[in-house]
1. Considering only the other residues whose Cβ falls under 14 Å of the Cβ of GLU319, what net charge follows from Lys and Arg at +1 and Asp and Glu at -1?
2. Return one number: the angle in degrees, 0 to 90 and rounded to the nearest 10, between the long axis of the Cα atoms of helix 205-221 and the longest principal axis of the Cα atoms of the chain.
3. Evaluate Rg over Rh across the chain, taking Cα atoms for both radii and Kirkwood's formula for Rh.
4. Can you tally the net charge around ASP298? Count Lys and Arg as +1, Asp and Glu as -1, for every other residue whose Cβ sits under 10 Å from the Cβ of ASP298.
5. For segment 21-36, in order, what is each residue's ³J(HN,Hα) by Karplus, 6.51 cos²θ - 1.76 cosθ + 1.60 with θ = phi - 60°, in whole Hz (x at glycine and Pro)?
6. Using only Cα atoms and rounding to the nearest 10 degrees, what angle (0 to 90) does helix 341-351 make with the longest principal axis of the chain?
7. In terms of solvent-accessible area of protein heavy atoms at a 1.4 angstrom probe, what is the ranking of VAL394, VAL224, VAL10, VAL205, highest value first?
8. How large are Rg and Dmax for segment 325-399 when only the alpha carbon atoms are used, in Å?
Amino acid sequence: MSHSPAAADVEALLRELAPQILGPLVRRYGGFDTCEDAVQEALLAASQQWPKDGLPDNPRGWLITVASRRRIEILRSEAARQHREETVALLEPVDQPPAADEDDTLTLLFLCCHPALTSSSQIALTLRAVGGLTTGEIARAFLVPESTIGQRISRAKAKIKAGGAEFRLPPPEELSGRLAAVLHVLYLIFNEGYTASSGESLHRVELSAEAIRLTRQLRERLPVEGEVAGLLALMLLTDARRPARVSPDGLLIPLPEQDRRLWNAEAIAEGNELISRTLREAPIGPYQLQAAIAAVHDEAARAEDTDWRQILVLYELLESLAPGPMVSLNRIVAVAMVHGPRVGLERLATAEQDPALKGHHRLAAVRAHLLDLAGEKEAAREAYQLAARLTLSVPERNYLESRAASF
């Protein structure tokens with residue numbers, strides 16, 4: 001054993017090792033659901049023991065051995081209950097844990113994002129099985145009871161088991177569609193971390209950081225997939241602004257008002273390099289276009305230097321490739337910045353017929369912003385008040401109320 005590490009260092013190491021432990025167990029013993037339970041118990045044991053006793057010489061091997069023992073104990077218990085002694089007799093001794101010479105992160109991601117699962121179940125299972133977060137950590141991040149996350153994970157594992165999903169990469173003909181689901185889950189995890197949908201905090205850094213880490217791992221395994229690189233670039237270019245998004249008293253600061261000297265220049269440089277190379281080498285996809293938009297924002301030294309015409313062109317391309325209510329809303333903002341707020345308000349009147357936008361706080365917030373630009377202060381104040389009532393995010397509500405009070 002080495003010196004006793006800090007609990008935070010142990011937590012970071014366990015998150016990195018989690019998929020490296022689960023993959024070998026599933027390959028050796030089968031049964032994703034039971035193996036995942038065994039890994040969780042091994043991770044819990046390590047989180048309690050390593051900060052006190054120090055890291056073992058081979059942390060990965062230690063975890064695999066402990067998880068293997070627990071997996072065999074579970075099988076023995078099942079065999080005893082079901083009178084299947086032959087199952088136990090065929091088990092290898094516990095001192096022969098499965099080999100850990102393969103990286104199963106990609107296989108695990110595809111399994112956790114199986115199309116039979118709901119989006120919420122995919123997210124929860126990915127964060128626990130691949131991200132190494134505990135059920136409690138996931139619950140705290142999404143502001144729901146731990147029992148709710150536990151039920152989602154249990155149902156997801158039961159559905160995977162009942163569906164007979166195999167622990168292998170999808171066949172080539174399914175890979176593209178399944179990869180889209182994986183990217184969507186990582187995108188949702190990042191967005192919830194960057195702008196929390198509810199609660200007291202604007203950011204849930206553990207989620208956005210985990211999404212970036214997992215997307216980096218995915219890119220290492222799929223270096224020629226343009227949309228993987230595009231998603232990573234989008235995350236980096238967006239997360240780079242996080243230090244400037246909240247004032248010292250906790251108030252949200254919108255993009256035009258941020259102190260751009262606080263932006264993470266290293267992340268912006270990496271994101272710019274990544275998206276520039278990817279746009280040259282790979283077929284264009286929605287995540288690449290969103291990253292390109294983020295890059296245009298980030299390269300402007302001042303808000304008034306933003307190339308809104310270029311952004312509008314990119315949003316028009318994005319809407320043709322991946323139409324959606326939020327894309328439409330963002331394109332309308334770009335239209336207003338290029339052609340004036342009156343034109344933007346006309347487009348907004350059409351867009352609000354979309355049921356997905358009706359009653360959404362972002363629609364009211366955009367209307368308020370455009371009314372403000374058009375000089376209609378009283379109407380803008382009312383729209384800001386409406387947006388504040390509709391949002392579940394406390395920092396967003398505080399900002400919107402402050403805007404309403406400023407007129």
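1. 0
2. It is inclined by approximately 70 degrees.
3. 1.03
4. Taking every Cβ under 10 Å from that of ASP298, the sum is +1.
5. Those phi angles translate into 8, 5, x, x, 5, 5, 4, 7, 9, x, x, 4, 4, 6, 5, 5 Hz.
6. Roughly 50 degrees, rounded to the nearest 10.
7. Greatest to least solvent exposure: VAL224, VAL205, VAL394, VAL10.
8. Rg and Dmax of segment 325-399, Cα atoms, are 11.6, 33 Å.
The values are calculated or read from the model by the stated rules, or taken from the named source; none is laboratory data. Here the structure is a predicted model, which means the values were calculated and not measured. For neighbour counting, all protein chains shown are included, and Cβ atoms are generated from backbone atoms with ideal geometry for every residue, glycine included. Surface areas here come from the heavy atoms of the whole protein model, side chains and all, with no ligands, DNA or RNA. Shrake-Rupley method; radii C 1.70, N 1.55, O 1.52, S 1.80 Å.
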